[in-house]
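Trainee: Please read through the structure below; I'll follow up with questions.
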Amino acid sequence: MGENNRKENSEILVSILVAVYNMQDTIDRCVQSLINQTLENIEVIIVNDGSTDGSGKICDRYAAEDTRVKVIHQKNKGLSATREVCLKNASGQYISFVDSDDWCELDMCEKLYEEAIKSSADLVFFSAYRHRQDGVAVICNLPIHAGLYTITDLYESYILPLYGDVRHDQFITTGYIWCCLFKLEMLKNIKFYKDVFLHEDEIMILQSFLKAKSLYITDQPFYHYNRMSANSLSKRSTYWNGYWDNMTEVFKAKKEFAEVLFEHENDYMGRLITYLYFKFLRSIRNETHHENPAGFWGGLVNVYKMRNKEFLFENKKYLLKNEFTSAEKVLIKLIELRLYFMVYFYYAAVCGRMRTFQEKTKN
């Protein structure tokens, strides 16, 4: 285990924030990659979000051996609430978020801090290694050259895809906060959406863009994004309770931020409402899942009980229909006719109630 060589009372340059929930199989590798960073003036703030395995004890062991590690234990509150606690306890000039099933290159903090200081950037974006069953690949590399940019320079390449990617977009994956080093001021007083458990990273990124003036991009990969972990949220194929409510909260937040980021509604609403229609289709498919505690007929009832469907119909004039397959276009027509039960039966049959269905994702 790395020794703490930071001088007492020296300034903390980077705060690394880690939210932990039942990650006893991966947390060792994660924390080892942090306490052995070549930049010594760091702090590692770990919030154990009510883990029921041995994660909390492992974290406590690191805190006892390295004064730069601070562990906070709390009852389970979810990722957004846990990250809020992490941030409230951070004191570094810059902030880095690391997921507890991932790990980092040992020179990540040093190199990113150097780039941030040299460029005076409010944010630094970098690439990552993605680890999956089919191998390792470099992702999160923006389709523009490395260098210093204003936030407005990123509208086409980064901000628009956050509002819903379309076929011609070059960026593989968007909106992960672990591929960004934030100046602390960029995250002061941001809103954490406690009821959002998916796409919460995108909301944080957009809020930081409302404050930031400049962003430095390096194409070097410093982060290891682990898609092999059984507990990874992005890997799970399960029934998501409250999926549609989550997505409508994301929709409302993004629309609110867009009114500041863009001049005209037409600049972003096509992507945003197309994104929402895709999520509504997925929400119906989600309710057919064999793990749905409501059962088959209860899932259908849940579809009819879904709130905020008016967002779809109020904004359907913006829909980018060419982004949908022929089958999806038919399903959308059924949705517009309020024939949700036909869409439900279609997914239940085609996807086998999600028993064999494999979600296709870019990341």
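Trainee: Restricting to segment 123-138, and then to whatever is surrounded by fewer than 19 Cβ atoms within 10 Å (Cβ to Cβ) and in contact (Cβ under 8 Å) with a residue 24 or more places away in the chain, can you tell me which residue is farthest from the chain's Cα centre (by Cα)? Please lay out each step first, then the result.
Mentor: Start the filter on segment 123-138 by keeping residues that are surrounded by fewer than 19 Cβ atoms within 10 Å (Cβ to Cβ), which leaves 129, 131-138.
Add one more test, that the residue is in contact (Cβ under 8 Å) with a residue 24 or more places away in the chain, and what stays is 129, 131-133, 138.
On the way: Tyr129: 16, His131: 17, Arg132: 18, Gln133: 21, Val138: 17 Å.
Among those that are surrounded by fewer than 19 Cβ atoms within 10 Å (Cβ to Cβ) and in contact (Cβ under 8 Å) with a residue 24 or more places away in the chain, it is Gln133.
Trainee: Residues in segment 250-266 that are open to solvent by 30 Å² or more (accessible area, probe 1.4 Å) and either of a type in the set (D, E, K, R) or under 30 Å from Thr356 (Cβ atoms) (or both): how many?
Mentor: To start, the set of residues in segment 250-266 that are open to solvent by 30 Å² or more (accessible area, probe 1.4 Å) comprises 252, 255-256, 259-260, 263-266.
From the residues that got through so far, the ones that are either of a type in the set (D, E, K, R) or under 30 Å from Thr356 (Cβ atoms) (or both) too are 252, 255-256, 259, 263, 265.
The number of residues fulfilling the criteria is 6.
Trainee: Here's another thing I want to ask about it. Examine segment 101-121 for a residue that is open to solvent by less than 10 Å² (accessible area, probe 1.4 Å), closer than 30 Å to Asp245 by Cα and among the small types (Gly, Ala, Ser), and state whether such a residue exists.
Mentor: No, segment 101-121 contains no residue that is open to solvent by less than 10 Å² (accessible area, probe 1.4 Å), closer than 30 Å to Asp245 by Cα and among the small types (Gly, Ala, Ser).
Trainee: Still on this structure, please answer the following. Kindly establish whether Leu148 is open to solvent by 30 Å² or more (accessible area, probe 1.4 Å), touching a helix residue (DSSP H, G or I) at 6+ places or on another chain (Cβ under 7 Å), within 20 Å of Ser214 (Cα to Cα) and modelled with pLDDT of 90 or more.
Mentor: Values: open to solvent by 30 Å² or more (accessible area, probe 1.4 Å): yes; touching a helix residue (DSSP H, G or I) at 6+ places or on another chain (Cβ under 7 Å): yes; within 20 Å of Ser214 (Cα to Cα): yes; modelled with pLDDT of 90 or more: yes.
So Leu148 fits the description; yes.
Trainee: Out of Thr218, Thr274, Thr248, I need the residue that is hydroxyl-bearing (Ser, Thr, Tyr) and in contact with a Leu (Cβ under 7 Å, 6 or more places away or on another chain). Which one? If you could, list the steps in order and put the result at the bottom.
Mentor: Numbers: Thr218 fails: in contact with a Leu (Cβ under 7 Å, 6 or more places away or on another chain); Thr248 fails: in contact with a Leu (Cβ under 7 Å, 6 or more places away or on another chain).
Thr274 is the lone residue from the list that is hydroxyl-bearing (Ser, Thr, Tyr) and in contact with a Leu (Cβ under 7 Å, 6 or more places away or on another chain).
Trainee: Which numbered condition in (1) within 16 Å of the chain's Cα centre (by Cα); (2) outside any loop (DSSP other than H, G, I, E, B); (3) among the acidic types (Asp, Glu) is the only one that Glu110 fails?
Mentor: (1)
Trainee: Hey, among Met247, Met228, Met269, which residue is within 27 Å of Asn22 (Cβ to Cβ) and open to solvent by less than 10 Å² (accessible area, probe 1.4 Å)?
Mentor: Details: Met228 fails: open to solvent by less than 10 Å² (accessible area, probe 1.4 Å); Met269 fails: within 27 Å of Asn22 (Cβ to Cβ).
It is Met247.
Trainee: Just to be sure before I move on: is Lys183 basic (Lys, Arg), without any contact (Cβ under 8 Å) to a residue 40 or more places away in the chain and under 28 Å from Ser15 (Cβ atoms) in the structure I sent?
Mentor: On the way: basic (Lys, Arg): yes; without any contact (Cβ under 8 Å) to a residue 40 or more places away in the chain: no; under 28 Å from Ser15 (Cβ atoms): yes.
For Lys183, the condition - basic (Lys, Arg), without any contact (Cβ under 8 Å) to a residue 40 or more places away in the chain and under 28 Å from Ser15 (Cβ atoms) - is not met.
Trainee: Residue under question is Arg130, and the condition is that it be more than 25 Å from Val196 (Cβ to Cβ) and either of a type outside the set (Val, Ile, Thr) or part of a helix (DSSP H, G or I) (or both); does it hold? Break it down stepwise before answering.
Mentor: Values: more than 25 Å from Val196 (Cβ to Cβ): no; either of a type outside the set (Val, Ile, Thr) or part of a helix (DSSP H, G or I) (or both): yes.
For Arg130, the condition - more than 25 Å from Val196 (Cβ to Cβ) and either of a type outside the set (Val, Ile, Thr) or part of a helix (DSSP H, G or I) (or both) - is not met.
Trainee: Name the residues in segment 283-337 that are in a loop (DSSP other than H, G, I, E, B), of a type in the set (A, V, I, L, M) and open to solvent by less than 60 Å² (accessible area, probe 1.4 Å), would you? So that I can check it myself, show each step before the final result.
Mentor: We begin by selecting, within segment 283-337, every residue in a loop (DSSP other than H, G, I, E, B); these are 288-294, 306-309, 315, 319-320, 324-325, 337.
Imposing the further condition that a residue be of a type in the set (A, V, I, L, M) reduces the set to 294, 306, 319-320, 337.
Once the filter is applied, which keeps residues that are in a loop (DSSP other than H, G, I, E, B), of a type in the set (A, V, I, L, M) and open to solvent by less than 60 Å² (accessible area, probe 1.4 Å), segment 283-337 yields Ala294, Met306, Leu319.
The values are calculated or read from the model by the stated rules, or taken from the named source; none is laboratory data. All values reported here derive from a predicted model rather than from experimental measurement. So basically every Cβ, Gly included, is an ideal-geometry build from the backbone, and we count neighbours across all protein chains shown. Side chains are part of the model used for accessible areas, which takes the heavy atoms of the whole protein and leaves out ligands, DNA and RNA. Shrake-Rupley method; radii C 1.70, N 1.55, O 1.52, S 1.80 Å.
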